[in-house]
Structure formats: C-alpha cells, structure tokens
Amino acid sequence: MSSPRVLIAGNWKMNGRLSEATSLAQAVAKGAKTGGAELLICPPFPVLASVKGVLASAPVALGAQDCHAKVSGAHTGDVAAEMLRDVGCSYVIVGHSERRTDHEETDGDVRAKAEAALRAGLKPIVCVGETLAQRDAAQTLGVVADQIAHSIPETATAANVVVAYEPVWAIGTGRTPTVEQVAEVHAKIRADLEARFADGASFRILYGGSVKGSNAAELLAVANVDGALIGGASLKAEEFLAIAAAAPDRT
Ligand code: PEP
C-alpha cells in the first residue's frame, strides 16, 4: 500500500454550514502534518467542493458520507459516487449505522454502494457494528461477521477498501468498549478478511465510537486497530488533530 497504514477519518455528519465548514477545514489543513497518519475529513455533500478548495494541497483527503449505487438516473436527492469523485473525493463512508437505521440500509445495499465507490475510483469505508441489545445477547462476533461477509464486495483489496468497526452503542454516547472488547472484535474481523482475501492481513480496520483526544492513544494501540473513524470530536480541529497526533507510527 502506498498510503500510511493508520487512517484518521472525521465524519462531520449533518454539521457544517458553509462558513463553519470552510473554517474547520482551514484549521485542520493548517495543523495537518505530512509523514504521520493519513488524515481524511468527510463533510456534508453541499460543502464538499468548497472544502476541497480550502484543503488545496494540504495532506488531508476528502470523503463523503454516502453514495448511491447507480451512476445516474431517477433517484431524487441521491448522489452518485462518480459525482463525488468529480468534486475531489477519494473516500466515501458506506453503511454507517445511522444510515442502516434511518434509511433501513441492508448489507446488500451497503455492498452495492461499496461496489459503486470502487467503480468510481473511490475507496469505500465500510461500517459494521453491533447494537447494545446484540452485545448483551453475546451476538457481537456473529453480527459483525455477517455484516463483513455481506457488505464487502468480492473485488475488495487492502488498497481499495477500508473497514470500520463501530459499535452502535458507542456512537455519540461517550461510552467506549474496553480495549479487550475492541481487540476481540478487530481480531475476528482480521481473521474473516484473511480467510476471504489474499491480502486480508493488510486491510485497514478502523475503530469508531466516542474516540477523543483523551482516549485515542489507548484505542489506537490495540492490535489490528489501524486508525479511527471520528464523529463528534472531528468537529473541533484541535481535538481531531490531537487524535491524529496520538496515532502510532505503523507501516
Ligand atoms: C461516527 O459517527 O462514525 C462516530 C464514531 O461518532 P462519535 O465519534 O461521535 O461517536
């Protein structure tokens, strides 16, 4: 892989009016360092082009938070992966739990979106994770294995697909799993990727769910954690950059 192993990705969700988004992007671009973790920000659709302009040649990649599976057509309100590529995106998040819940996206939908991203030359970040009820019922490993099996395209490689483990109950709640729980799920995802893909050992597996500056070092040090997907804390440049600074130097 040509990019650094560790990826620190910010999911701004539905936050960032034009002026806020460009200021935040400016602050991230200003503090971003080359040679460390790869940095990525994923703002809402309407500000992508403006944020791209702000990032200019800064070492910060641009991503979107969703895409449609088709190239074009009668899909009111949707955005094709090719359109995202046109405005400078190189990544797109697919299957975030908020989309799986709010838009009833299935693993099949997520896989089709990931395939569309690959078709357009974007790297999909495929999100998986269990609900609290599933964890309490000791179903975590089975649920995540099922999502991995059915959401990741057959043509995935370590260079073109990123996986994000995001326990639903940890997203935006301030709660995080223990490092042992993170290690257990990431090891299972790694084993499943290795069983299915020749380069499964090299896929990047991000952890997401209430990552902040104060817990980043501990979470990013866990085996098979190759970066973080960050919601709330990515809306403050200094917090996002502090997480990036806590990332281990892994190749
Ligand atoms: C997310 O939405 O992907 C996420 C991890 O959110 P937060 O960091 O706010 O928990």
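The values are calculated or read from the model by the stated rules, or taken from the named source; none is laboratory data. This structure is a prediction, so every number in the text was calculated from the model and none was measured. Heads up, the Cβs are rebuilt from the backbone with ideal geometry, glycines too, and the neighbour counts pull from every protein chain shown. The area values use the complete protein model at the heavy-atom level, side chains included, leaving out ligands, DNA and RNA. Shrake-Rupley method; radii C 1.70, N 1.55, O 1.52, S 1.80 Å.
Listed by position, the helices (runs of 4 or more DSSP H) enclosed by region 1-110 that each have at least 3 residues that are under 16 Å from Leu122 (Cβ atoms) are 48-55, 81-86. Selection of region 193-208 for residues being surrounded by 21 or more Cβ atoms within 10 Å (Cβ to Cβ) and either within 11 Å of the ligand (Cβ to nearest atom) or not in a strand (DSSP E or B) (or both) yields Leu193, Phe203, Leu206, Tyr207, Gly208. Report, by residue number, each residue of region 155-178 that is under 17 Å from Val126 (Cα atoms), touching an Asp or Glu at 6+ places or on another chain (Cβ under 9 Å) and either among the aromatic types (Phe, Trp, Tyr) or not in a strand (DSSP E or B) (or both). Across region 155-178, the qualifying residues are Thr155, Thr157, Ala158, Ala159, Pro167, Val168, Ile171. Evaluation of Arg175 against the conditions (1) more than 10 Å from the ligand (Cβ to nearest atom); (2) open to solvent by 50 Å² or more (accessible area, probe 1.4 Å) shows that the sole unmet condition is (1).
Answer yes or no as to whether Leu122 is farther than 21 Å from Phe203 by Cβ, more than 16 Å from the ligand (Cβ to nearest atom) and in contact with a strand residue (DSSP E or B) (Cβ under 9 Å, 6 or more places away or on another chain). The answer is no for Leu122. Filtering Val47, Val71, Val92 for residues that are touching a residue at least 24 places away in the same chain (Cβ under 8 Å) and over 22 Å from Ala112 (Cβ atoms) leaves a single hit, Val47. Determine, yes or no, whether Ile8 is open to solvent by less than 20 Å² (accessible area, probe 1.4 Å), touching an Asp or Glu at 6+ places or on another chain (Cβ under 8 Å), modelled with pLDDT of 95 or more and closer than 17 Å to Phe240 by Cα. Considered against the rule, which asks whether it is open to solvent by less than 20 Å² (accessible area, probe 1.4 Å), touching an Asp or Glu at 6+ places or on another chain (Cβ under 8 Å), modelled with pLDDT of 95 or more and closer than 17 Å to Phe240 by Cα, Ile8 comes out as yes. Kindly indicate the residue of region 209-251 that is touching a Phe, Trp or Tyr at 6+ places or on another chain (Cβ under 7 Å), open to solvent by less than 60 Å² (accessible area, probe 1.4 Å) and within 13 Å of the ligand (Cβ to nearest atom) and also nearest to Val60 (Cα to Cα) among those meeting that condition. My answer is Ser234. The set of residues in region 84-107 being open to solvent by 60 Å² or more (accessible area, probe 1.4 Å), over 17 Å from the mean Cα position of the chain (by Cα) and under 15 Å from Phe45 (Cβ atoms) consists of Asp86, His103.
For the structure I just gave you, tell me whether Val144 is closer than 24 Å to Ala244 by Cβ and open to solvent by less than 10 Å² (accessible area, probe 1.4 Å). The answer is no for Val144. Every listed requirement among (1) within 16 Å of the ligand (Cβ to nearest atom); (2) closer than 21 Å to Glu98 by Cα; (3) in a helix (DSSP H, G or I) is met by Gln181 save one, (2).
Take Gly77 and decide whether it is touching a residue at least 12 places away in the same chain (Cβ under 8 Å) and not charged (D, E, K, R).
When the stated conditions are applied, Gly77 does not pass them.
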